[in-house]
Structure formats: structure tokens, C-alpha cells
1. Does B:Arg132 fit the bill of being in a helix (DSSP H, G or I), of a type in the set (D, E, K, R) and either buried (at least 20 other Cβ atoms within 10 Å of the Cβ) or over 13 Å from the mean Cα position of the chain (by Cα) (or both)?
2. Within the group A:Ala85, A:Ala64, which residue is within 11 Å of another protein chain (Cβ to nearest Cβ) and not charged (D, E, K, R)?
3. Taking the stated definitions as given, is B:Leu65 in contact with a Leu (Cβ under 8 Å, 6 or more places away or on another chain) and under 30 Å from A:Arg106 (Cα atoms)?
4. State the number of residues belonging to region A:53-88 that are within 13 Å of B:Leu125 (Cβ to Cβ), touching a Phe, Trp or Tyr at 6+ places or on another chain (Cβ under 9 Å) and not hydrophobic (A, V, I, L, M, F, W, C).
5. Does A:Asp46 qualify as being more than 9 Å from chain B (Cβ to nearest Cβ) and either under 23 Å from A:Ala153 (Cβ atoms) or under 24 Å from the mean Cα position of the chain (by Cα) (or both)?
6. Give me the residue from region A:133-164 that is more than 22 Å from the chain's Cα centre (by Cα) and among the polar types (S, T, N, Q) and, out of that set, surrounded by the most Cβ atoms within 10 Å (Cβ to Cβ).
7. Listed residues A:Ala124, A:Ala142; which is hydrophobic (A, V, I, L, M, F, W, C), out of contact with any strand residue (DSSP E or B) (no Cβ under 9 Å at 6 or more places or on another chain) and within 12 Å of another protein chain (Cβ to nearest Cβ)?
Amino acid sequence: MRIIPAPPKAGRPARKTSPKPSPNASAEPRPGAPRTRRETVPVPTDLRDRALAFDMGYEEALEASVARAEAAEARVRAHAGDVLAMEAARCAGVADGFAPGDAACRARCLRAAHRLRGTALGVAAPQVARMAASLARLLSGAGNRTPAALVAAHVDAVQAATDGKANAHAAETLARELEAAVETVLSRLR
Amino acid sequence: MRIAFENLSFVVAEDDPFWRRLVVAWLEACGARSVRDTADGARALALMREAPADVVVTDWEMPGLDGIALTKALRDRAASPNAFVPILMLTAYGERGRVMRAMRAGVNGYLVKPVTPRAFYERLLAVLADTRPFVATPHYFGPDRSRPQALVLPQEG
């Protein structure tokens, strides 16, 4: 494997590189920067030597790997069942009896909301992802002054969107209203 | 150039079972030599201590040890089983401040969900082909991002 150093950026002098840098070589501080202890450490090359192969072209390898991964993804999705409904139910369970003053309870709710957001993004449910993101923003922004009623409103909206009671348009309206309510609460607290 | 998955072992730390299954399925389909997965950062660290993997893929938000704490533990040169291990963070957090925090913790790559297999492959390849050294300061050990990335080409002949 050959390594071609990147060209220097415009207006910057080229870095001086030695073919075999010393493990203890110190990088020069930038002019004007505070002097801090800074050591440049070369990364062992054994992983790169093993991890990269040059027996096929970049595009060909990319397309082959992507095709295999996409087929595997389709199998996972086919067997996943209604993961979004499961995550929504899980989030509702965690948020049940939400106590704003309980930091551990807030942390559990935040994790559940964040996880629901991730799942919703994975299954292409953008309105549920927005609701979950809004709930996470509320919990992390308002802390122990989080209104429990607004947490419950998020949970209800998520459930309505995931069990089919709210169509896409209604879900979008709900998401927008929740985001606006969270913004109002957070701006009042600021 | 391609990723030689057949030579690589992975640890996947992700508390969302759907995303965990998805990432494991991608890696196995691409022919990864071994893939171990877990729902929490503490277990991922334990797996790395049992047998260091070549690459760690981690979520940010996890119960117990989160992705940032896991990254910091892996970059701790005094205690880590491999302080240079490439770490790819895969999270729903896309805010700039979050990305900067992950970079300051020492991750090599950052991907925001939803992620496609193509984006995952391309980011992983960029991480594995990264030739830049690490930098150590009193508060940071990780990739030196002040340097431009070099180009990796096959050896002639």
C-alpha cells in the first residue's frame, strides 16, 4: 500500500513529514495558541494493512457490499414486526408516572425518547421521530421543571401516530404543536 | 480498494434492538470475521477487554456507560485494551454540539441515523483508510484532525 500525503491547504505551508516519525515527536504549537503539552503518536499500521484490500475497484467493491447489506437489511425488516409500536409502548411505560423531581426517572425517559427517535428514523416514521425528539428536548432542557402533562401529551401523540389513529397529516400537526409547546416552556424557563 | 471484512472483528454497542440487529446484519452480510454485539457500553468495554476487536461501532445514548464514556475509556492509554481502536459513532443526535463532543472524546467517525448501508460502508472505509496520527494532550487522545487526510493507494508491482 502506498500513502500519498494530502496537498497542503491554500495559504498554508506544507507540513514537514518524516518517513518514520518518532513515537515521542512533539507537534509544534500554533502561533498565538496557549502552550499545552501535545504529543503526536503514530497509529500502528497493522490494522490498515489487514483492513484494506486492493483486489477490486472501489465502486465494484462498494456496490457488492451494499447489495449484500441491503439484502440482509430487508430480512431484518421483514422479521422485525412492528418495532415502532413496541418502542412506543416501551416509552409510554417508562413515562408512566413521570416524576419531574426524580433525576433517574428523567434520565430513563430521556433514553426511552431518544431510542424511540432512533427507531422511528430507522423505520421511516418522521413524525414519530419529531415527537420523540421534541420529548427528549423538553426533558433535557427543562430538567426538574419539566411539566408532566406535556410529557403525557407527547406519549399520547406518539401512541396515536403509531397505532394508526392519527393519519400522516394529523401526526404532522401534532408534532408541530408539541414542538411549539416545548419551545414555549423552554423559553419561559430561560 | 475495498474493506477486507474477512480480516476484521467488530464490537457493536447499541441499546436499540432494531438498529443493533441492522448493523450486525450489515457487517455479517459483508463477511466480517466476527461481530459481537451488546446493548450497553460497560459490556462493550468488557468485550474489548476479553478480546479486543478491530473496530467498535457505538451508539451515544445507552444505559450505564454511554457512547461518550465508552470512547473515553477506550482512549485511556493507561487502561485501554487498544487505545487506537477505530470508533464509529452511530446515533440519532445530529446537533453540531453533540458531534463536536464526540470528536473531543476521540471518535474516528460519526454517523447520524437513519443510516444506509452505503453511507455506513463509505464512512467505515474512510475511518479504516485514515493515515493520520493520533495526538495526545492532557485532555485528549485520538485522531489528529488538524492534519489533512492522505490518499491510500495499492503498492505498485
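What follows is calculated from the coordinates using simple rules that are stated; it is not laboratory data. These numbers were taken from a predicted model, which means no experiment stands behind them. We place every Cβ from the backbone using ideal geometry, glycine too, and count neighbours over all the protein chains shown.
1. Considered against the rule, which asks whether it is in a helix (DSSP H, G or I), of a type in the set (D, E, K, R) and either buried (at least 20 other Cβ atoms within 10 Å of the Cβ) or over 13 Å from the mean Cα position of the chain (by Cα) (or both), B:Arg132 comes out as no.
2. Sole residue among the options that is within 11 Å of another protein chain (Cβ to nearest Cβ) and not charged (D, E, K, R): A:Ala64.
3. For B:Leu65, the condition - in contact with a Leu (Cβ under 8 Å, 6 or more places away or on another chain) and under 30 Å from A:Arg106 (Cα atoms) - is met.
4. Total meeting the criteria: 1.
5. For A:Asp46, the condition - more than 9 Å from chain B (Cβ to nearest Cβ) and either under 23 Å from A:Ala153 (Cβ atoms) or under 24 Å from the mean Cα position of the chain (by Cα) (or both) - is not met.
6. So the residue we want is A:Thr146.
7. It is A:Ala124.
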